[in-house]
Every structure is written in structure tokens, then in C-alpha cells.
Amino acid sequence: MLLTGIGVLATNDPQLGPGLLGEIHDAAVAVEAGWVVWVGREADAPQGVDGERIDVAGRCVVPGFVDAHTHLVFAGDRATEFEARMAGTPYQAGGIRTTVSATRAATTAQLAQGASRLAAEALRGGTTTLETKSGYGLTVVDERRSLEAAATVAGDDVPAVERTFLGAHVVPAEHTIDDYVALVCGEMMQACAPLAAWCDVFCEDGAFGEDEARAVLRAGAAHGLGARIHANQLGHGPGAQLAAEVGAASADHLTFLSDADVAALVDGGVVATLLPAAEFCTRSAPAPARRLLSAGVVVALASDCNPGTSYTTSMPFVVALACQRYGLTAAEAVHAATAGGAAALRRADVGHLAVGAAADLVVIDAPTPVHLAYRPGVQLVATVVRGGRVAWRSAA
Ligand code: NIG
Ligand code: FE
């Protein structure tokens, strides 16, 4: 495939062009067998590329979004809770249990269908890789079923999926915290680890404390799972520093951070995955994105799609929010939503467009990536290419 007529190509590769996005003007991209084999100015494009030629008529192209934090496997919704929140009731971690009841009552096929529907929606918003979690089952059988459902999310019309075991999302009503942590670290881990690459824990008042979170992430590591953590979402807590201690790939949310937390993230090389849509939908303060960037932390942006705090799959919306709420430039936000997400998943093959990268890209119906933030709420995604194939094209 040869993509031509690209007004601005964001490569995220500083060797290929100027600015944070490594921009090339009047660019072309050649793709073979799912991989980028050439990028540069169209005038220099290789001749005789076989296959499909797509002229994007001056539109801009960005790498496919890498959404490194979602919860797509659940049943039911929480519109009633959202409505109460809009009337002033604050968000509490315990709301998760409402979704747990609905999820346990659903069949695995229903869970798979719901997750696939949201994943397809994410792809139409330009997401080509996403991470998704269990965490609404909270029994051995239901956590395992949740990961089985996530494993069915595959095919040309959905992003590539990485799976995370989040048995330690909240303590279910039938357990004490100690016996539940023992279950998560023992039998549940045994059943779930083979279906996941990552282990996550919600380290927060009302969920799991420092010692419990450490135990869960260590048990995950013993089963070969990389660590990620929900940390410092609802208040100051130990999660960010614990992420550094256990060598987590990413600490997520990070709405409330002390200077010591920021320093620990720097020292630990932990990616900060910020979730501005969760803050927006819970009317929370914004995470200190500028402080993190200034300190040298790699920042990722993700949707956190889940029925409680952030029922959106839209990475363009997340980019727009990050500009408004975090004071990022559009380039910083797009970079964090692509290269940042890839770093949060420790992936070198996605999140950028250079020779050897996966041919995952989004044609935006606008002249520059700035329009993603400049035209909030507008469907600007024109074409999504995943693995070198057109996965979705807008009818317009
Ligand atoms: O990332 N914080 C914990 N987990 C989700 C919310 C889950 C829910 O309320 O259902 C989050 O915001
Ligand atoms: Fe989350």
C-alpha cells in the first residue's frame, strides 16, 4: 500500500522531521505486509510499490492511538449513578460493585459482545492498539471469564488488544480484604495469569492499601505479569511510589501527586498514564500533567473507558480534554496519546511511523493534528489503517 497526498505526517520520530511529532509535509508512507517500509516526502517516494494506492488529498496522518487503559469487559451501565453525580453526589470506588453484579449475571458471550462493540467504537475513533482489563467479575470463575471474553476481541474491525488481570479492583461484598487478597494472589492468579500480560491493582482508599497492592503486583510478577497500577486517583496515596518500587510499566490516574511521588516516577522510569476523561466525568481536579512533563516523566493519555467514571472510547476527545484541562499543546497531547501509550505498554512497534513500525495510522479529515483539539467533539477520523489494511473508512 502506498499512502500519498499527506499534507502533514506526524511520525513521532525526531529524526524524520521537526517538532515533538517529527512532522513531514507533503509526505507519503509505503507499507508492506503490515509494516511501514518507507516514509518521507512524496516527491522522493519509491516507484513501483505494488498494491493499493490511497491519496488522502492533503489531509494529515497520525500514528494510530494507543489507548493503554480501558475496562471494556462489563455488563450494564451506570447512567443513574452518573446522573446522581451530576446532581452533586461524589464518586466512590464502591460503585464498581454495581457493575460487578451485572457482570456476574451476564454470559461470557454477552461480555464478549459488549467488549467487541466498544473496541470497534474505539477503532472508529482512531485507536489501533488498546489495553483492557478484567475487574468486574471478582470471583475466580468470573475474572477468568472476563479475560476469556477479552480474548475474543480480535479481527480486522477492532484494535489489537493487550489484556490485564485486575482481580484486585475492589473487595467484593462476600470477602474480607485479607481473604480476598489471598484469593487474588493464589487461585485467581493461577486461573487468570495465562490469559493476561499485565497485572493491575486499584490502590486507593475504599479499594486496596499499599501492602495489599504490593502483594498483588508481586504475585503477578511471579506469574510473569508486568505491573501497572491505578494510583492517586481520589486522593494522595502510596500508589505512585509503589509503582516505582515494583518497577511498574505505568502508574495510571495520578490526579493527586506530591513532589516525592513525581520524583519516584522519574527515578523508577514509570510512565504516567493520565485519564482526563475520568476526571472530566467525575468532576475531579486535573492531574498535574505539566509538572510531570517538566520533571521528565513520560506521559501517556488513555480513555479509561468504563461504565463508572469514563464511558467514552474516544481518544480524539481525550486529546482535546488534555489540551484544555492539562494545558498541553495539541502536539504534546497527540504525542502522549500515541507514543506515550506505546511506552506505557512497553511497545516499540506502535505509536510512531518510521520504517519498521506497525502500519497503524489514522487519516484525520483536517490539515494538521492541531484540529483534533481545535474541533472538539467532531468526528474527524476519516480512515483507520491497522496492520497495513484499511480497517475502517468514514462514509463522509
Ligand atoms: O479507572 N478507579 C478504578 N477503576 C475505574 C473505575 C471503575 C468503576 O467505577 O467502575 C477507573 O476509574
Ligand atoms: Fe481504570
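Full extension from Arg41 to Ala197: what is 0.36 nm times the residue separation minus their Cα-Cα distance, to one decimal in nm? Walk me through the numbers on the way to the answer.
Working: separation 156, 0.36 × 156 = 56.16 nm, distance 3.80 nm.
That pair, Arg41 and Ala197, stretches by 52.4 nm at full extension.
Rounded, prolate or oblate, given the Cα gyration tensor of the stretch 64-172, with a/c below 1.5 counting as rounded?
Here the stretch 64-172 falls in the oblate category.
So if we plug the beta-carbon distance of Val355 and Ala57 into 1/(1 + (r/R0)^6) with R0 = 25 Å, what FRET efficiency do we get, rounded to 0.05? Before the final figure, lay out the partial values.
Details: r = 24 Å, r/R0 = 0.98.
Computed FRET efficiency for Val355 and Ala57: 0.55.
If packing is taken as the average count of other Cβ atoms within 10 Å, what order do 245-252, 129-136 fall into, highest mean first? Please report the intermediate quantities before stating the final value.
Numbers: 245-252: 23.8, 129-136: 28.8.
Result, highest mean Cβ count within 10 Å first: 129-136, 245-252.
Going by Cα centres, the stretch 24-73 and the stretch 124-141 are how many Å apart?
27
Output wanted: per-residue J couplings in Hz (rounded whole) for the stretch 81-93, from phi through Karplus 6.51 cos²θ - 1.76 cosθ + 1.60, θ = phi - 60°, x for Gly and Pro.
The phi angles translate into 5, 4, 5, 5, 5, 5, 8, x, 6, x, 6, 9, 4 Hz.
Can you figure out the FRET efficiency of Gln190 with Ala260, using R₀ = 30 Å and their beta-carbon distance, to the nearest 0.05? Write down the numbers at each step before the final one.
Values: r = 36 Å, r/R0 = 1.19.
Once rounded, the FRET efficiency stands at 0.25.
Length gain on complete extension for the stretch Ala222 to Gln92, per 0.36 nm per residue less the alpha carbon to alpha carbon distance?
On the way: separation 130, 0.36 × 130 = 46.80 nm, distance 3.12 nm.
Extra length available between Ala222 and Gln92 comes to 43.7 nm.
Starting from the Cα gyration tensor of the stretch 319-396, take the square roots of the eigenvalues, sort them a ≥ b ≥ c, and report rounded, prolate or oblate (rounded when a/c is under 1.5, otherwise prolate if a/b is larger than b/c, else oblate).
Values: a/c = 2.36, a/b = 1.13, b/c = 2.09.
It comes out oblate by the Cα gyration axes.
About the Cα centre, and with charges only on the beta carbon of Lys, Arg (+1) and Asp, Glu (-1), how big is the dipole of the chain? Nearest 20 debye, please.
Values: 26 positive and 42 negative charges, 117 e Å.
Dipole magnitude for the chain comes out near 560 debye.
Using 0.36 nm per residue, how much length does the chain from Ala154 to Asp211 gain when fully extended, once their Cα-Cα distance is taken away? Numbers along the way, then the final one.
Values: separation 57, 0.36 × 57 = 20.52 nm, distance 3.59 nm.
Fully extending the segment from Ala154 to Asp211 adds 16.9 nm.
Points 7 angstrom from Cα along the Cβ direction at Ile177 and Asp267: gap in nanometres?
Label at Ile177, label at Asp267, 2.5 nm between them.
How far is it, in nm, from the label point at Asp50 to the one at Ser394 when both lie 7 Å from their Cα along the line to the Cβ?
3.4
Is the C-alpha gyration tensor of the stretch 65-344 telling us rounded, prolate or oblate? Criteria: a/c under 1.5 is rounded; beyond that, a/b larger than b/c is prolate, otherwise oblate. List each step's numbers first, then the result.
Details: a/c = 1.35, a/b = 1.16, b/c = 1.17.
Rounded, because the longest to shortest axis ratio a/c is under 1.5.
Short version: ³J(HN,Hα) in whole Hz for each residue of the stretch 60-74, in order, from phi by Karplus 6.51 cos²θ - 1.76 cosθ + 1.60 (θ = phi - 60°), x for Gly and Pro, what are they?
Ordered by residue, 3J(HN,Hα) equals 9, 10, 10, x, x, 5, 10, 8, 8, 7, 9, 10, 8, 9, 6 Hz.
We did not get these values from a lab; they are worked out from the coordinates using the rules stated. Note that the coordinates shown come from a computational prediction; the quantities given were computed from them, not determined experimentally. All Cβ positions, glycine included, derive from the backbone under ideal geometry; neighbour counts span all protein chains shown.
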